[in-house]
(Lines give C-alpha, C1' and ligand atoms only; values in the text may rest on other atoms or scores of the structure.)
Protein backbone atom coordinates (compact mmCIF):
# COMPACT_ATOMS: atom_id res chain seq x y z
CA UNK A 1 0.00 0.00 0.00
CA UNK A 2 1.38 3.39 -1.00
CA UNK A 3 1.52 5.88 1.85
CA UNK A 4 1.15 9.64 1.95
CA UNK A 5 3.45 11.16 2.94
CA UNK A 6 6.37 8.74 2.57
CA UNK A 7 7.38 8.69 6.22
CA UNK A 8 10.82 7.18 6.78
CA UNK A 9 11.18 7.10 10.57
CA UNK A 10 8.05 5.09 11.35
CA UNK A 11 8.54 1.43 12.15
CA UNK A 12 6.23 -1.54 11.94
CA UNK A 13 3.10 -1.38 14.09
CA UNK A 14 1.52 -4.42 15.66
CA UNK A 15 -2.00 -3.03 15.14
CA UNK A 16 -3.31 -4.30 11.77
CA UNK A 17 -5.83 -1.44 11.61
CA UNK A 18 -2.96 1.03 11.20
CA UNK A 19 -1.34 -0.89 8.35
CA UNK A 20 -4.66 -0.95 6.45
CA UNK A 21 -6.33 2.36 7.32
CA UNK A 22 -3.49 4.74 8.22
CA UNK A 23 -1.98 6.13 11.41
CA UNK A 24 -4.57 6.35 12.90
CA UNK A 25 -8.26 6.29 13.71
CA UNK A 26 -8.93 5.52 17.37
CA UNK A 27 -12.07 4.58 19.26
CA UNK A 28 -11.47 7.01 22.15
CA UNK A 29 -11.34 10.14 20.02
CA UNK A 30 -14.49 12.21 20.48
CA UNK A 31 -16.41 14.02 17.69
CA UNK A 32 -15.23 17.42 18.97
CA UNK A 33 -11.62 16.27 18.93
CA UNK A 34 -11.78 15.03 15.33
CA UNK A 35 -12.68 18.56 14.25
CA UNK A 36 -10.33 20.26 16.71
CA UNK A 37 -7.36 18.19 15.57
CA UNK A 38 -8.20 18.70 11.90
CA UNK A 39 -8.40 22.47 12.32
CA UNK A 40 -5.29 22.53 14.53
CA UNK A 41 -3.20 20.85 11.83
CA UNK A 42 -4.67 23.19 9.21
CA UNK A 43 -4.11 26.42 11.13
CA UNK A 44 -0.68 25.67 12.66
CA UNK A 45 2.62 26.33 10.85
CA UNK A 46 4.16 23.27 9.24
CA UNK A 47 7.78 22.72 10.11
CA UNK A 48 8.80 22.45 6.46
CA UNK A 49 7.21 25.85 5.79
CA UNK A 50 7.06 28.29 8.71
CA UNK A 51 4.60 30.54 6.83
CA UNK A 52 2.04 27.79 6.22
CA UNK A 53 -0.61 29.00 8.69
CA UNK A 54 -4.21 28.23 7.68
CA UNK A 55 -2.98 26.13 4.80
CA UNK A 56 -3.01 22.66 3.28
CA UNK A 57 0.48 23.29 1.95
CA UNK A 58 3.81 22.61 3.64
CA UNK A 59 3.55 18.80 3.61
CA UNK A 60 4.97 17.29 0.43
CA UNK A 61 4.59 13.71 -0.77
CA UNK A 62 8.24 13.00 -0.10
CA UNK A 63 8.34 14.59 3.38
CA UNK A 64 10.33 12.16 5.50
CA UNK A 65 9.08 13.27 8.92
CA UNK A 66 6.08 15.59 8.56
CA UNK A 67 5.45 17.80 11.58
CA UNK A 68 3.59 20.93 12.59
CA UNK A 69 3.77 23.34 15.52
CA UNK A 70 0.49 23.50 17.47
CA UNK A 71 -0.04 25.67 20.54
CA UNK A 72 -0.89 24.03 23.87
CA UNK A 73 -3.02 26.81 25.48
CA UNK A 74 -2.25 25.30 28.89
CA UNK A 75 -2.54 28.58 30.81
CA UNK A 76 -5.96 29.24 29.24
CA UNK A 77 -7.12 25.76 30.26
CA UNK A 78 -5.86 26.31 33.81
CA UNK A 79 -7.93 29.48 34.12
CA UNK A 80 -11.03 28.09 32.35
CA UNK A 81 -11.30 24.47 33.49
CA UNK A 82 -9.39 24.01 36.75
CA UNK A 83 -12.24 24.97 39.08
CA UNK A 84 -14.57 22.34 37.56
CA UNK A 85 -12.01 19.59 36.94
CA UNK A 86 -11.55 16.24 38.66
CA UNK A 87 -10.74 16.93 42.31
CA UNK A 88 -8.39 13.96 42.78
CA UNK A 89 -6.03 15.15 40.02
CA UNK A 90 -5.63 18.71 41.33
CA UNK A 91 -1.99 18.88 42.25
CA UNK A 92 -1.05 21.38 45.01
CA UNK A 93 1.20 23.24 42.58
CA UNK A 94 -1.74 23.69 40.22
CA UNK A 95 -3.94 24.91 43.05
CA UNK A 96 -1.36 27.53 43.95
CA UNK A 97 -0.77 28.47 40.30
CA UNK A 98 -4.50 28.83 39.71
CA UNK A 99 -4.85 31.21 42.65
CA UNK A 100 -1.89 33.25 41.50
CA UNK A 101 -3.32 33.41 38.00
CA UNK A 102 -6.66 34.71 39.28
CA UNK A 103 -4.89 37.41 41.25
CA UNK A 104 -2.82 38.37 38.21
CA UNK A 105 -5.93 38.81 36.07
CA UNK A 106 -7.71 40.65 38.86
CA UNK A 107 -4.85 43.11 39.25
CA UNK A 108 -4.80 43.92 35.52
CA UNK A 109 -8.53 44.64 35.23
CA UNK A 110 -9.31 48.34 35.17
CA UNK A 111 -12.28 48.45 37.47
CA UNK A 112 -13.30 49.18 41.03
CA UNK A 113 -12.13 46.77 43.72
CA UNK A 114 -15.72 45.65 44.34
CA UNK A 115 -16.27 44.83 40.67
CA UNK A 116 -12.98 43.07 39.92
CA UNK A 117 -14.02 39.72 41.42
CA UNK A 118 -17.24 39.82 39.42
CA UNK A 119 -15.34 40.57 36.20
CA UNK A 120 -12.88 37.72 36.75
CA UNK A 121 -15.74 35.31 37.40
CA UNK A 122 -17.57 36.57 34.31
CA UNK A 123 -14.56 36.00 32.05
CA UNK A 124 -14.00 32.57 33.57
CA UNK A 125 -17.63 31.54 33.13
CA UNK A 126 -17.58 32.68 29.50
CA UNK A 127 -14.50 30.63 28.63
CA UNK A 128 -15.68 27.60 30.60
CA UNK A 129 -18.92 27.74 28.62
CA UNK A 130 -16.99 26.92 25.46
CA UNK A 131 -15.79 23.56 26.77
CA UNK A 132 -16.08 20.92 24.08
CA UNK A 133 -14.90 17.86 25.99
CA UNK A 134 -14.80 17.54 29.77
CA UNK A 135 -16.22 14.15 30.80
CA UNK A 136 -14.15 12.72 33.64
CA UNK A 137 -10.88 14.32 32.61
CA UNK A 138 -8.46 16.50 34.47
CA UNK A 139 -8.31 20.15 33.45
CA UNK A 140 -5.26 19.84 31.18
CA UNK A 141 -6.87 17.18 28.95
CA UNK A 142 -10.18 18.98 28.41
CA UNK A 143 -10.81 20.65 25.07
CA UNK A 144 -12.50 23.81 23.83
CA UNK A 145 -15.11 24.02 21.10
CA UNK A 146 -13.03 24.63 17.97
CA UNK A 147 -14.88 27.60 16.50
CA UNK A 148 -12.00 30.08 16.88
CA UNK A 149 -8.28 29.82 16.22
CA UNK A 150 -7.67 31.24 19.71
CA UNK A 151 -9.15 28.07 21.24
CA UNK A 152 -7.30 25.45 19.18
CA UNK A 153 -4.85 23.49 21.32
CA UNK A 154 -2.87 20.27 21.14
CA UNK A 155 -3.49 17.37 23.49
CA UNK A 156 -1.69 17.73 26.84
CA UNK A 157 -1.77 14.89 29.37
CA UNK A 158 -1.00 15.37 33.07
CA UNK A 159 0.95 12.48 34.66
CA UNK A 160 -0.52 12.80 38.13
CA UNK A 161 0.90 9.55 39.53
CA UNK A 162 4.37 10.72 38.50
CA UNK A 163 3.86 14.20 39.94
CA UNK A 164 2.71 13.12 43.42
CA UNK A 165 5.94 11.19 43.93
CA UNK A 166 7.99 14.33 43.47
CA UNK A 167 8.75 17.22 45.77
CA UNK A 168 8.56 20.84 44.73
CA UNK A 169 6.45 23.94 45.10
CA UNK A 170 6.92 25.75 41.80
CA UNK A 171 5.15 25.35 38.44
CA UNK A 172 8.44 25.02 36.58
CA UNK A 173 9.49 22.02 38.68
CA UNK A 174 6.65 19.89 37.26
CA UNK A 175 6.79 20.76 33.59
CA UNK A 176 8.03 17.29 32.65
CA UNK A 177 4.86 15.83 34.15
CA UNK A 178 2.95 17.29 31.20
CA UNK A 179 3.02 14.99 28.16
CA UNK A 180 2.13 15.93 24.57
CA UNK A 181 3.09 12.69 22.86
CA UNK A 182 0.53 10.17 24.14
CA UNK A 183 -2.26 10.76 21.55
CA UNK A 184 -4.86 9.31 23.91
CA UNK A 185 -7.66 11.71 23.00
CA UNK A 186 -6.45 13.58 19.95
CA UNK A 187 -5.37 10.27 18.52
CA UNK A 188 -4.44 11.53 15.00
CA UNK A 189 -7.87 10.93 13.46
CA UNK A 190 -8.23 14.63 12.69
CA UNK A 191 -4.71 14.70 11.30
CA UNK A 192 -5.67 11.92 8.88
CA UNK A 193 -8.52 14.08 7.57
CA UNK A 194 -6.06 16.94 7.11
CA UNK A 195 -3.62 14.68 5.26
CA UNK A 196 -6.37 13.43 2.97
CA UNK A 197 -6.93 16.98 1.73
CA UNK A 198 -3.20 17.70 1.44
CA UNK A 199 -2.90 14.58 -0.69
CA UNK A 200 -5.94 15.55 -2.75
CA UNK A 201 -4.77 19.08 -3.54
CA UNK A 202 -1.47 17.72 -4.81
CA UNK A 203 -3.24 15.13 -6.99
CA UNK A 204 -6.07 16.96 -8.77
CA UNK A 205 -4.70 15.76 -12.12
CA UNK A 206 -4.53 12.10 -11.03
CA UNK A 207 -6.48 9.36 -12.87
CA UNK A 208 -8.68 8.79 -9.81
CA UNK A 209 -9.80 12.42 -9.75
CA UNK A 210 -10.16 12.56 -13.53
CA UNK A 211 -12.44 9.54 -13.37
CA UNK A 212 -14.74 11.34 -10.92
CA UNK A 213 -14.60 14.53 -12.98
CA UNK A 214 -15.83 12.57 -16.01
CA UNK A 215 -18.61 10.75 -14.13
CA UNK A 216 -22.19 11.95 -14.64
CA UNK A 217 -22.83 11.16 -10.97
CA UNK A 218 -20.49 13.97 -9.88
CA UNK A 219 -21.17 16.80 -12.30
CA UNK A 220 -22.19 18.95 -9.33
CA UNK A 221 -18.68 18.92 -7.85
CA UNK A 222 -16.27 21.81 -8.25
CA UNK A 223 -12.96 20.23 -9.24
CA UNK A 224 -10.35 22.82 -10.24
CA UNK A 225 -7.21 24.50 -8.96
CA UNK A 226 -9.20 27.08 -6.98
CA UNK A 227 -10.68 24.41 -4.71
CA UNK A 228 -7.82 24.49 -2.20
CA UNK A 229 -7.69 28.27 -2.12
CA UNK A 230 -11.44 28.59 -1.53
CA UNK A 231 -11.48 26.01 1.27
CA UNK A 232 -8.48 27.59 2.97
CA UNK A 233 -10.15 31.00 2.80
CA UNK A 234 -13.44 29.62 4.12
CA UNK A 235 -11.91 27.79 7.08
CA UNK A 236 -9.69 30.75 7.94
CA UNK A 237 -12.68 33.10 7.87
CA UNK A 238 -14.59 30.83 10.24
CA UNK A 239 -11.67 30.53 12.67
CA UNK A 240 -10.90 34.26 12.72
CA UNK A 241 -14.45 35.60 12.52
CA UNK A 242 -14.69 36.33 16.25
CA UNK A 243 -11.02 37.07 16.92
CA UNK A 244 -11.45 40.85 16.89
CA UNK A 245 -13.40 40.61 20.16
CA UNK A 246 -13.15 37.10 21.57
CA UNK A 247 -9.53 36.63 20.50
CA UNK A 248 -8.47 39.77 22.34
CA UNK A 249 -10.02 38.44 25.53
CA UNK A 250 -8.11 35.17 25.17
CA UNK A 251 -4.89 37.09 24.53
CA UNK A 252 -5.48 39.13 27.68
CA UNK A 253 -5.92 36.02 29.83
CA UNK A 254 -2.87 34.30 28.35
CA UNK A 255 -0.75 37.42 28.84
CA UNK A 256 -1.76 37.60 32.50
CA UNK A 257 -0.88 33.91 32.97
CA UNK A 258 2.30 33.88 30.89
CA UNK A 259 4.26 32.45 33.85
CA UNK A 260 2.13 29.30 33.69
CA UNK A 261 3.02 28.00 30.26
CA UNK A 262 4.84 24.88 29.12
CA UNK A 263 8.41 24.74 28.02
CA UNK A 264 8.82 24.11 24.30
CA UNK A 265 7.62 20.54 23.88
CA UNK A 266 8.64 20.41 20.25
CA UNK A 267 6.52 19.92 17.12
CA UNK A 268 3.76 17.37 16.69
CA UNK A 269 4.45 14.49 14.33
CA UNK A 270 1.91 13.72 11.64
CA UNK A 271 1.01 10.16 10.74
CA UNK A 272 0.18 8.87 7.25
CA UNK A 273 -2.79 7.85 5.13
CA UNK A 274 -3.27 5.37 2.29
CA UNK A 275 -2.57 7.38 -0.85
CA UNK A 276 -5.62 6.00 -2.66
CA UNK A 277 -8.10 7.93 -0.45
CA UNK A 278 -8.57 10.57 -3.18
CA UNK A 279 -12.25 9.81 -4.04
CA UNK A 280 -13.59 10.28 -0.52
CA UNK A 281 -11.24 13.24 0.07
CA UNK A 282 -12.75 15.01 -2.95
CA UNK A 283 -16.26 14.53 -1.55
CA UNK A 284 -15.03 15.78 1.83
CA UNK A 285 -13.57 18.91 0.23
CA UNK A 286 -16.81 19.68 -1.60
CA UNK A 287 -18.84 19.39 1.59
CA UNK A 288 -16.43 21.59 3.56
CA UNK A 289 -16.71 24.27 0.90
CA UNK A 290 -20.51 24.34 1.05
CA UNK A 291 -20.50 24.68 4.84
CA UNK A 292 -17.80 27.38 4.85
CA UNK A 293 -19.57 29.37 2.13
CA UNK A 294 -22.84 29.44 4.07
CA UNK A 295 -24.09 32.36 6.14
CA UNK A 296 -24.11 30.33 9.35
CA UNK A 297 -22.21 31.80 12.28
CA UNK A 298 -18.87 30.40 13.44
CA UNK A 299 -20.42 28.17 16.13
CA UNK A 300 -23.00 26.75 13.73
CA UNK A 301 -20.33 26.09 11.10
CA UNK A 302 -18.20 24.32 13.70
CA UNK A 303 -21.17 22.13 14.64
CA UNK A 304 -21.78 21.21 11.00
CA UNK A 305 -18.08 20.55 10.38
CA UNK A 306 -18.00 18.31 13.44
CA UNK A 307 -20.81 16.21 11.99
CA UNK A 308 -18.98 16.20 8.67
CA UNK A 309 -15.71 14.98 10.20
CA UNK A 310 -17.50 12.11 11.92
CA UNK A 311 -19.47 11.12 8.83
CA UNK A 312 -16.29 11.29 6.79
CA UNK A 313 -14.41 9.02 9.19
CA UNK A 314 -17.18 6.44 8.78
CA UNK A 315 -17.13 6.93 5.00
CA UNK A 316 -13.33 6.56 4.93
CA UNK A 317 -13.43 3.31 6.90
CA UNK A 318 -16.01 1.78 4.57
CA UNK A 319 -14.38 3.05 1.37
CA UNK A 320 -10.97 1.71 2.33
CA UNK A 321 -12.43 -1.64 3.34
CA UNK A 322 -13.99 -1.99 -0.11
CA UNK A 323 -10.76 -1.02 -1.85
CA UNK A 324 -8.83 -3.66 0.05
CA UNK A 325 -10.55 -6.46 -1.79
CA UNK A 326 -13.50 -7.36 0.40
CA UNK A 327 -14.95 -10.64 -0.90
CA UNK A 328 -17.96 -12.76 -0.09
CA UNK A 329 -21.69 -12.10 -0.12
CA UNK A 330 -21.31 -8.33 -0.51
CA UNK A 331 -19.06 -8.46 -3.59
CA UNK A 332 -20.15 -6.31 -6.53
CA UNK A 333 -20.19 -2.77 -7.78
CA UNK A 334 -22.45 -0.07 -6.36
CA UNK A 335 -23.61 2.06 -9.27
CA UNK A 336 -23.81 5.76 -8.49
CA UNK A 337 -21.36 5.91 -5.57
CA UNK A 338 -17.59 5.97 -5.83
CA UNK A 339 -17.27 4.50 -2.31
CA UNK A 340 -18.75 1.25 -3.63
CA UNK A 341 -20.81 0.37 -0.55
CA UNK A 342 -24.28 1.33 0.69
CA UNK A 343 -26.09 2.26 3.90
CA UNK A 344 -29.85 1.71 3.96
CA UNK A 345 -31.44 4.02 6.53
CA UNK A 346 -34.89 4.39 8.01
CA UNK A 347 -36.74 6.79 10.27
CA UNK A 348 -35.70 6.72 13.96
CA UNK A 349 -39.41 6.10 14.68
CA UNK A 350 -39.94 3.32 12.15
CA UNK A 351 -42.30 0.49 13.05
CA UNK A 352 -40.73 -2.43 14.89
CA UNK A 353 -42.03 -5.02 12.44
CA UNK A 354 -41.78 -2.78 9.38
CA UNK A 355 -39.77 -3.65 6.29
CA UNK A 356 -37.85 -0.34 6.40
CA UNK A 357 -36.54 -1.11 9.88
CA UNK A 358 -35.48 -4.62 8.90
CA UNK A 359 -33.58 -3.31 5.88
CA UNK A 360 -31.75 -0.73 8.00
CA UNK A 361 -30.81 -3.43 10.51
CA UNK A 362 -29.53 -5.71 7.79
CA UNK A 363 -27.57 -2.89 6.21
CA UNK A 364 -25.83 -2.05 9.48
CA UNK A 365 -24.99 -5.73 10.03
CA UNK A 366 -23.58 -5.98 6.50
CA UNK A 367 -21.29 -2.96 7.02
CA UNK A 368 -20.02 -4.25 10.36
CA UNK A 369 -19.32 -7.65 8.85
CA UNK A 370 -17.40 -6.02 6.01
CA UNK A 371 -15.24 -4.03 8.44
CA UNK A 372 -14.71 -7.11 10.61
CA UNK A 373 -13.73 -9.40 7.73
CA UNK A 374 -11.34 -7.03 5.99
CA UNK A 375 -8.91 -7.30 8.92
CA UNK A 376 -8.97 -11.07 8.47
CA UNK A 377 -8.45 -11.03 4.71
CA UNK A 378 -4.79 -11.91 3.90
CA UNK A 379 -4.94 -10.23 0.49
CA UNK A 380 -5.66 -6.88 2.16
CA UNK A 381 -2.18 -6.74 3.72
CA UNK A 382 0.85 -5.44 1.78
CA UNK A 383 2.77 -8.69 2.28
CA UNK A 384 -0.29 -10.92 1.82
CA UNK A 385 0.16 -12.42 5.28
CA UNK A 386 -2.55 -12.38 7.93
CA UNK A 387 -1.38 -11.27 11.41
CA UNK A 388 -0.79 -14.40 13.44
CA UNK A 389 -1.70 -12.89 16.80
CA UNK A 390 -5.44 -12.91 17.44
CA UNK A 391 -4.96 -10.32 20.20
CA UNK A 392 -3.63 -7.89 17.57
CA UNK A 393 -6.73 -8.46 15.43
CA UNK A 394 -8.95 -7.90 18.46
CA UNK A 395 -7.23 -4.57 19.14
CA UNK A 396 -7.66 -3.65 15.49
CA UNK A 397 -11.41 -4.33 15.76
CA UNK A 398 -11.60 -1.55 18.35
CA UNK A 399 -10.47 0.95 15.75
CA UNK A 400 -12.40 -0.37 12.76
CA UNK A 401 -15.85 -1.93 13.08
CA UNK A 402 -16.20 -1.05 16.77
CA UNK A 403 -15.16 2.50 15.97
CA UNK A 404 -17.82 2.60 13.25
CA UNK A 405 -20.41 1.48 15.78
CA UNK A 406 -19.27 3.84 18.55
CA UNK A 407 -18.94 6.95 16.40
CA UNK A 408 -22.18 6.15 14.59
CA UNK A 409 -24.01 6.05 17.92
CA UNK A 410 -22.44 9.31 19.08
CA UNK A 411 -23.76 11.24 16.08
CA UNK A 412 -27.15 9.52 16.05
CA UNK A 413 -26.60 7.45 12.90
CA UNK A 414 -26.92 4.12 14.74
CA UNK A 415 -29.62 3.26 17.26
CA UNK A 416 -30.38 1.91 19.82
CA UNK A 417 -27.35 2.64 22.00
CA UNK A 418 -27.56 -0.78 23.63
CA UNK A 419 -29.08 -4.11 22.77
CA UNK A 420 -29.44 -6.05 19.54
CA UNK A 421 -30.91 -5.20 16.16
CA UNK A 422 -29.08 -1.93 15.81
CA UNK A 423 -30.01 -0.03 12.68
CA UNK A 424 -28.95 2.92 10.56
CA UNK A 425 -31.20 5.98 10.85
CA UNK A 426 -31.20 9.67 9.94
CA UNK A 427 -32.19 11.89 12.88
CA UNK A 428 -33.21 15.51 12.24
CA UNK A 429 -29.75 16.95 12.89
CA UNK A 430 -28.13 14.71 10.28
CA UNK A 431 -30.83 15.51 7.71
CA UNK A 432 -30.14 19.22 8.20
CA UNK A 433 -26.42 18.49 7.89
CA UNK A 434 -26.99 16.74 4.54
CA UNK A 435 -28.92 19.73 3.21
CA UNK A 436 -26.25 22.25 4.21
CA UNK A 437 -23.28 20.16 3.07
CA UNK A 438 -24.59 18.79 -0.24
CA UNK A 439 -26.43 21.81 -1.66
CA UNK A 440 -24.67 25.05 -2.51
CA UNK A 441 -25.68 27.90 -0.15
CA UNK A 442 -28.68 29.66 -1.67
CA UNK A 443 -29.20 26.84 -4.15
CA UNK A 444 -32.11 24.48 -4.66
CA UNK A 445 -32.35 21.10 -6.37
CA UNK A 446 -35.11 18.59 -7.08
CA UNK A 447 -35.92 16.18 -4.28
CA UNK A 448 -35.03 13.25 -6.54
CA UNK A 449 -31.64 14.87 -7.24
CA UNK A 450 -31.11 15.36 -3.50
CA UNK A 451 -31.71 11.63 -2.92
CA UNK A 452 -29.25 10.86 -5.71
CA UNK A 453 -26.66 13.27 -4.32
CA UNK A 454 -26.92 11.83 -0.80
CA UNK A 455 -26.26 8.41 -2.29
CA UNK A 456 -23.37 9.70 -4.45
CA UNK A 457 -21.61 11.16 -1.39
CA UNK A 458 -22.32 8.64 1.35
CA UNK A 459 -23.99 5.62 -0.21
CA UNK A 460 -27.04 6.43 1.94
CA UNK A 461 -30.12 4.91 0.32
CA UNK A 462 -33.44 6.56 1.20
CA UNK A 463 -35.67 6.50 -1.89
CA UNK A 464 -36.64 3.33 -3.74
CA UNK A 465 -34.22 3.75 -6.66
CA UNK A 466 -31.19 4.01 -4.41
CA UNK A 467 -32.49 1.29 -2.10
CA UNK A 468 -32.74 -1.11 -5.03
CA UNK A 469 -29.05 -0.50 -5.84
CA UNK A 470 -28.13 -0.91 -2.17
CA UNK A 471 -30.03 -4.15 -1.77
CA UNK A 472 -28.41 -5.58 -4.87
CA UNK A 473 -25.06 -5.01 -3.16
CA UNK A 474 -26.29 -6.56 0.08
CA UNK A 475 -27.50 -9.50 -2.05
CA UNK A 476 -30.96 -9.93 -0.54
CA UNK A 477 -32.74 -12.89 -2.10
CA UNK A 478 -36.00 -10.93 -2.38
CA UNK A 479 -34.28 -8.26 -4.43
CA UNK A 480 -36.11 -5.08 -5.41
CA UNK A 481 -39.46 -6.42 -4.18
CA UNK A 482 -38.20 -5.87 -0.64
CA UNK A 483 -37.54 -2.16 -1.21
CA UNK A 484 -39.30 0.18 1.21
CA UNK A 485 -40.86 2.76 -1.09
CA UNK A 486 -42.12 5.12 1.62
CA UNK A 487 -39.73 8.03 2.18
CA UNK A 488 -42.45 10.31 3.56
CA UNK A 489 -40.71 10.43 6.95
CA UNK A 490 -37.69 12.05 5.29
CA UNK A 491 -39.82 14.56 3.38
CA UNK A 492 -41.74 15.41 6.55
CA UNK A 493 -38.49 16.26 8.29
CA UNK A 494 -37.41 18.45 5.38
CA UNK A 495 -40.74 20.28 5.64
CA UNK A 496 -40.32 20.78 9.38
CA UNK A 497 -36.89 22.24 8.68
CA UNK A 498 -38.36 24.68 6.15
CA UNK A 499 -36.15 23.47 3.30
CA UNK A 500 -38.68 21.52 1.18
CA UNK A 501 -40.55 23.54 -1.46
CA UNK A 502 -43.50 21.75 -3.11
CA UNK A 503 -44.03 23.18 -6.59
CA UNK A 504 -46.71 20.64 -7.48
CA UNK A 505 -47.93 17.20 -6.48
CA UNK A 506 -45.16 15.68 -8.60
CA UNK A 507 -42.27 18.14 -8.16
CA UNK A 508 -40.57 19.17 -4.91
CA UNK A 509 -37.38 21.15 -4.42
CA UNK A 510 -34.89 21.10 -1.55
CA UNK A 511 -33.29 24.44 -0.71
CA UNK A 512 -30.24 25.49 1.27
CA UNK A 513 -31.33 28.98 2.41
CA UNK A 514 -28.08 29.97 4.14
CA UNK A 515 -26.49 32.01 1.36
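Pairs needed: first member in segment 165-182, on the phi > 0 side of the Ramachandran plot; second member anywhere, surrounded by 13 or more Cβ atoms within 10 Å (Cβ to Cβ); C-beta distance under 9 Å; at least 6 residues apart or different chains.
Correct list of pairs: 168/93; 168/174.
Within segment 14-23, is there a residue that is in contact with a helix residue (DSSP H, G or I) (Cβ under 8 Å, 6 or more places away or on another chain), surrounded by fewer than 22 Cβ atoms within 10 Å (Cβ to Cβ), at pLDDT below 95 and in a loop (DSSP other than H, G, I, E, B)?
Yes; the residues of segment 14-23 include at least one that is in contact with a helix residue (DSSP H, G or I) (Cβ under 8 Å, 6 or more places away or on another chain), surrounded by fewer than 22 Cβ atoms within 10 Å (Cβ to Cβ), at pLDDT below 95 and in a loop (DSSP other than H, G, I, E, B).
Filter segment 173-200 for residues that are more than 18 Å from residue 155 (Cβ to Cβ) and surrounded by fewer than 19 Cβ atoms within 10 Å (Cβ to Cβ) and give the result.
Answer for segment 173-200, where residues must be more than 18 Å from residue 155 (Cβ to Cβ) and surrounded by fewer than 19 Cβ atoms within 10 Å (Cβ to Cβ): just 173.
Within segment 413-429, identify whether any single residue is in a helix (DSSP H, G or I) and either touching a strand residue (DSSP E or B) at 6+ places or on another chain (Cβ under 7 Å) or in contact (Cβ under 8 Å) with a residue 60 or more places away in the chain (or both), and answer yes or no. Please lay out each step first, then the result.
We begin by selecting, within segment 413-429, every residue in a helix (DSSP H, G or I); these are 428-429.
Still in the running and either touching a strand residue (DSSP E or B) at 6+ places or on another chain (Cβ under 7 Å) or in contact (Cβ under 8 Å) with a residue 60 or more places away in the chain (or both): 428-429.
Yes, segment 413-429 has at least one match.
In segment 158-199, which residues are touching a strand residue (DSSP E or B) at 6+ places or on another chain (Cβ under 7 Å) and in a helix (DSSP H, G or I)?
177, 192, 195, 196, 199
Which residue pairs have Cβ atoms closer than 6 Å, lie 6 or more positions apart in sequence or on different chains, and pair a first residue in segment 368-385 that is part of a loop (DSSP other than H, G, I, E, B) with a second residue that is surrounded by fewer than 21 Cβ atoms within 10 Å (Cβ to Cβ)?
The qualifying pairs are 375/393; 382/1; 384/378.
Note down all Cβ pairs under 9 Å where the first residue falls in segment 60-82 and is on the phi > 0 side of the Ramachandran plot, the second is assigned to a loop (DSSP other than H, G, I, E, B), and they're at least six residues apart or on different chains.
Note: pairs meeting the criteria are 73/152; 73/153; 73/154; 73/156.
Identify all residues within segment 144-165 that are surrounded by fewer than 19 Cβ atoms within 10 Å (Cβ to Cβ) and either at pLDDT 95 or above or in contact with a helix residue (DSSP H, G or I) (Cβ under 7 Å, 6 or more places away or on another chain) (or both); write none if there are none.
At the first step, the residues of segment 144-165 found to be surrounded by fewer than 19 Cβ atoms within 10 Å (Cβ to Cβ) are 157, 159-162, 164-165.
Residues satisfying the conditions are 157, 159, 160, 162.
Table: residues versus (1) out of contact with any helix residue (DSSP H, G or I) (no Cβ under 8 Å at 6 or more places or on another chain); (2) more than 30 Å from residue 291 (Cβ to Cβ).
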| site | (1), (2) |
| --- | --- |
| 388 | yes, yes |
| 395 | no, yes |
| 404 | no, no |
| 407 | no, no |
| 411 | no, no |
| 421 | no, yes |
| 426 | no, no |
| 463 | no, no |
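Among the residues of segment 237-260 satisfying the criterion of being surrounded by 17 or more Cβ atoms within 10 Å (Cβ to Cβ) and over 23 Å from residue 55 (Cβ atoms), which is farthest from the chain's Cα centre (by Cα)? Before you say what the answer is, go through the steps one by one.
Within segment 237-260, the first condition is being surrounded by 17 or more Cβ atoms within 10 Å (Cβ to Cβ), and the residues that meet it are 238-239, 241-242, 246-247, 250, 253-254, 256-257, 260.
Narrowing further to those that are over 23 Å from residue 55 (Cβ atoms): 253-254, 256-257, 260.
Values: 253: 29, 254: 28, 256: 33, 257: 31, 260: 31 Å.
Once the filter is applied, the top-ranked residue is 256.
Being in a loop (DSSP other than H, G, I, E, B), in contact (Cβ under 8 Å) with a residue 24 or more places away in the chain and either assigned by TED's automatic domain parsing to the domain that holds residue 40 or in contact with a strand residue (DSSP E or B) (Cβ under 9 Å, 6 or more places away or on another chain) (or both), is that true of even one residue in segment 95-108?
Here is the first cut: in segment 95-108, the ones in a loop (DSSP other than H, G, I, E, B) are 108.
Imposing the further condition that a residue be in contact (Cβ under 8 Å) with a residue 24 or more places away in the chain reduces the set to 108.
So of that shortlist, the ones also either assigned by TED's automatic domain parsing to the domain that holds residue 40 or in contact with a strand residue (DSSP E or B) (Cβ under 9 Å, 6 or more places away or on another chain) (or both) come out as none.
No, segment 95-108 has no match at all.
The values are calculated or read from the model by the stated rules, or taken from the named source; none is laboratory data. Since the model is a prediction, treat every value here as computed from it, not as a measurement. Virtual Cβ from ideal backbone geometry, glycine too; neighbours counted across all protein chains shown.
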